[in-house]
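Student: There's a structure below that I have some questions on.
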Amino acid sequence: MIIKSAVFTVSNTKISKLPAPDMPEYAFIGRSNVGKSSLINMITGVKGLAKTSQKPGKTQLINHFLINESWYIVDLPGYGYAKSSKSNRLEWAKFIRHYLDKRENLQCVFVLIDSRLEPQKIDIEFCCSLGERGIPFILVFTKADKQNRSKSAQAMEQFKKALLAYFEEVPQMILTSAENGTGKDEVLTLVDDINQR
Ligand code: GDP
């Protein structure tokens, strides 16, 4: 798929004010600092579309970006910021649960995982919460350029093993780098395939 247009549509603090669910949407989420904004900018080819390195733990926003006037990328607030308070974390969980349960046009969630880390409990837990809801998700490993391919392959394999303690099958995994564009075509082909179903 070629991205012809990528336009910021709206920022929301309230699920009730999200855009009408009249186009397919794909949500991106992960631990804060995992590289979500950078990935969204890389995929769309628009620098600064999603803001990078915003102070985490601030207002929780859901940002919609309209792509090719036909589908949405949704930038969900990240999780796992070490300094966020318990009440912030609870608020995040409620907000995300509400979004996941209500959003009828949500096709798939891209769960971002830092390819340099061992499997993190918080990521596995988030995957489980999607599994329990029956929401399809794809694992997107970020920052591939920061290490050699075999290290990334090892991290992906480890994550797969960790997930197999909870799932019978693991979802598709895509290795990406916002720095050199690795994985862009794979992500967009997947979206294309789902949109054409
Ligand atoms: P977010 O909090 O998940 O939106 O993460 P950001 O996109 O703001 O990225 C966090 C930090 O990681 C920033 O300093 C980025 O420049 C850096 N970063 C993100 N993706 C990559 C990547 O693919 N390669 C490299 N080398 N750095 C990255």
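Values quoted throughout were computed directly from the atomic coordinates according to the rules given, and no laboratory measurement underlies them. Just so you know, these numbers come straight off a predicted model, no measurement behind them. Using ideal geometry, Cβ is built from the backbone for each residue, glycine included, and neighbour counts are taken over all protein chains shown.
Student: Give the order of Val187, Val140, Val46, Val7 when sorted by the count of other beta carbons within 10 angstrom, beginning with the fewest. The partial results should precede the final answer.
Tutor: Working: Val187 21, Val140 27, Val46 17, Val7 13.
Ranked by crowding around the Cβ, least crowded first: Val7, Val46, Val187, Val140.
Student: Further, regarding this structure: How large is ³J(HN,Hα) for each residue in the stretch 6-21, as worked out from phi by the Karplus curve 6.51 cos²θ - 1.76 cosθ + 1.60 (θ = phi - 60°), to whole Hz, x for Gly and Pro?
Tutor: 9, 10, 5, 9, 6, 10, 10, 9, 10, 4, 5, 9, 5, x, 3, x
Student: So which of Lys36/Lys160; Lys36/Lys146; Lys51/Lys146; Lys14/Lys102; Lys94/Lys161 end up more than 18 Å apart, counting from Cα to Cα?
Tutor: Working: Lys36/Lys160 21 Å; Lys36/Lys146 16 Å; Lys51/Lys146 21 Å; Lys14/Lys102 12 Å; Lys94/Lys161 29 Å.
Lys36/Lys160; Lys51/Lys146; Lys94/Lys161, as the Cα separations exceed 18 Å there.
Student: For the stretch 103-148, would you read off the P(r) tail past 12 Å as a percentage of all alpha carbon pairs?
Tutor: Details: 674 of 1035 pairs.
Considering the stretch 103-148, 65 percent of its Cα-Cα pairs are separated by more than 12 Å.
Student: How charged is the neighbourhood of Glu69? Take every other residue with its Cβ under 14 Å from the Cβ of Glu69, and add Lys/Arg as +1 and Asp/Glu as -1. Can you show the working numbers first?
Tutor: Working: positive: Lys4; negative: Asp22, Glu25.
Its environment carries a net charge of -1.
Student: Determine the distance separating the Cα centre of the stretch 137-188 from the Cα centre of the stretch 29-51; give it in Å without decimals.
Tutor: Here the answer is 16 Å between Cα centres.
Student: Something else about it: For the chain, give the share of DSSP beta bridges that are antiparallel, in percent and rounded to the nearest 5; count only bridges with both residues there. Numbers along the way, then the final one.
Tutor: Numbers: 11 of 31 bridges.
For the chain, the DSSP antiparallel bridge percentage is about 35.
Student: Let me ask you something else. How big is the C-alpha Rg of the chain next to the rule-of-thumb value 2.2 N^0.38 Å, as a ratio? List each step's numbers first, then the result.
Tutor: Numbers: Rg = 15.7 Å, N = 197, 2.2 N^0.38 = 16.4 Å.
Here the Cα radius of gyration is 0.96 times the empirical estimate.
Student: Give the value in nm², to one decimal: projected area of the alpha carbon convex hull of the stretch 104-197, averaged over all directions. Show your work: numbers first, answer last.
Tutor: Working: hull surface 25.2 nm².
That works out to 6.3 nm², a quarter of the Cα hull's surface.
Student: Just add up the charged neighbours of Gly48: K/R +1, D/E -1, any other residue whose Cβ is under 15 Å from the Cβ of Gly48. Present the calculation step by step, with values, prior to reporting the outcome.
Tutor: Details: positive: Lys36, Lys47, Lys51; negative: Asp75.
With Lys, Arg at +1 and Asp, Glu at -1, the neighbours total +2.
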